[in-house]
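Supplied in structure tokens, the structure appears directly below.
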Amino acid sequence: MNTKTITSDKSDIRSVNNLTVMAMMVALISASAYISIPLPFSSVNLTAQTLIVNFIGLLLRPKQAFLVILTYILIGLIGVPVFSGGTSGPGRLFGPSGGYFFGWLITTVLISCFCQKVKDLRLQTAFLIIVGIPLIYFFGALQMHFVTNQPWPAILVQAVLPFIPLDVAKCIAAAALAKAIRRTGLF
């Protein structure tokens, strides 16, 4: 088999290189779920996952980013302990904090679409902070509200406000990591 044929088409998500990168991204987001700090006032943990979600959007094409997050969600849904703190299953996905997963699915694609068109790293970082993070919060807060039936001020305290400073820092870190990875010429 001609190796050049397998890896030459960069738009083909089925190439060996692309599948390997996508599998590594699924592994990264899964591993980042284990860097988890429970908050006593919320069903949402602080994790390193936001950093990886942004990293995925910065580096992968939209279809790849979507498939990585979808694969991660499906793996967790069937019971592999890849959700925050080593949890899994439909209860976690459709529970109070499950909306973040759906937010990641949409946000990584939007980040990727933006980064395919706009190459300036400062603008990409601003997009992560101004569009990406609020969109993730929107889905997380919305599902928490519908599952718990708590008032919106309580939802903001549990699902949004405590995460803002660290998520901004994770956006900046993801952009810096993506810049370093891009310099290698792999992306």
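The values are calculated or read from the model by the stated rules, or taken from the named source; none is laboratory data. In this text, all values refer to a predicted model and were calculated from it rather than measured experimentally. Glycine also receives a Cβ, built like all others from the backbone with ideal geometry; neighbour counts cover every protein chain displayed. Heavy atoms of the whole protein, side chains included, go into the accessibility calculation; ligands, DNA and RNA do not. Shrake-Rupley method; radii C 1.70, N 1.55, O 1.52, S 1.80 Å.
Anyone know which of Pro134, Pro62, Pro40 comes out most mobile in the 10 Å Cα GNM of the chain?
Comparing Pro134, Pro62, Pro40 in a Gaussian network model of the chain, the most mobile one is Pro40.
With charges set only on the Cβ (+1 for Lys and Arg, -1 for Asp and Glu), what does the dipole of the chain come to about its Cα centre, in debye to the nearest 20? If you can, show how the numbers build up before the last one.
Details: 13 positive and 4 negative charges, 118 e Å.
That gives the chain a dipole magnitude of about 560 debye.
Can you give me the C-alpha center-to-center distance between the stretch 117-176 and the stretch 25-61, rounded to a whole angstrom?
Measuring centre to centre over Cα atoms gives 12 Å.
What accessible area, in Å² to the nearest ten, does a 1.4 Å probe give for Phe146?
150 Å²
Solvent-accessible area per residue for the chain at a 1.4 Å probe radius, Å²?
Values: 9340 Å² over 187 residues.
Ligands and nucleic acids excluded, the result is 50 Å² per residue.
Could I have the simple spin-label model distance between Lys117 and Lys63, label points 7 Å from Cα toward Cβ, reported in nm to one decimal?
1.9 nm
Which entry is the computed Cα extents along the principal axes in Å for this structure: [x] 60, 32, 29; [y] 58, 37, 23; [z] 51, 35, 33?
Here the calculated entry is [y].
Taking a 1.4 Å probe, which of Tyr100, Tyr34 shows the most accessible area, and what order do the others take after it?
On the way: Tyr100 25, Tyr34 130 Å².
Reading off the accessible areas and sorting them downward yields Tyr34, Tyr100.
In whole percent, and with a 1.4 Å probe on the protein chains, what portion of the accessible area of the stretch 40-150 is carbon and sulfur? Could you put the intermediate results ahead of the total?
Details: 3360 of 4570 Å².
Carbon-and-sulfur percentage of accessible area, whole number: 73.
Identify, among Ile133, Ala173, Val16, the residue whose Cα sits farthest towards the positive end of the charge dipole of the chain, taking +1 on the Cβ of Lys and Arg and -1 on the Cβ of Asp and Glu, with the dipole about the Cα centre.
Farthest towards the positive pole: Val16.
Related question: Shape call for the stretch 30-96 from the C-alpha gyration tensor, a ≥ b ≥ c root eigenvalues: rounded (a/c under 1.5), prolate (a/b greater than b/c) or oblate?
oblate
Which angle between 0 and 90 degrees, to the nearest 10, do you get for helix 164-183 versus the longest principal axis of the chain when only C-alpha atoms count?
That helix lies at roughly 10 degrees to the long axis.
Mind giving me the nanometre distance, one decimal, between the label points for Ala23 and Phe187, set 7 Å out from Cα along Cα→Cβ?
Once both label points are built, they end up 2.0 nm from each other.
I would also like to ask the following. Say each of Ile106 and Val168 gets a label point 7 Å from the Cα, pointing the same way as Cα to Cβ; how far apart are those two points in nm?
Reported label-point gap for Ile106 and Val168 is 2.4 nm.
On a 0 to 90 degree scale, rounded to 10, what angle separates helix 49-59 from the longest Cα axis of the chain?
Helix 49-59 sits roughly 30 degrees off the main axis of the chain.
Is any residue of the stretch 36-78 close enough, with backbone N under 12 Å, to a label point placed 7 angstrom from the Cα of Gln150 along the Cα-Cβ axis, and if so, which?
Of the residues in the stretch 36-78, 39-45 have backbone N under 12 Å from the label point off Gln150.
Student exercise: in the chain, how many lysine pairs 8 or more apart or on different chains have Cα atoms under 16 Å apart? Let's see the in-between values first.
Working: Lys10/Lys63; Lys63/Lys117; Lys117/Lys179; Lys119/Lys179; Lys170/Lys179.
Step by step, the pairs that qualify in the chain add up to 5.
Does the stretch 74-169 come out rounded, prolate or oblate, given a ≥ b ≥ c as the square roots of the eigenvalues of its C-alpha gyration tensor, rounded meaning a/c under 1.5 and, failing that, prolate meaning a/b above b/c?
On the way: a/c = 2.31, a/b = 1.40, b/c = 1.65.
It comes out oblate by the Cα gyration axes.
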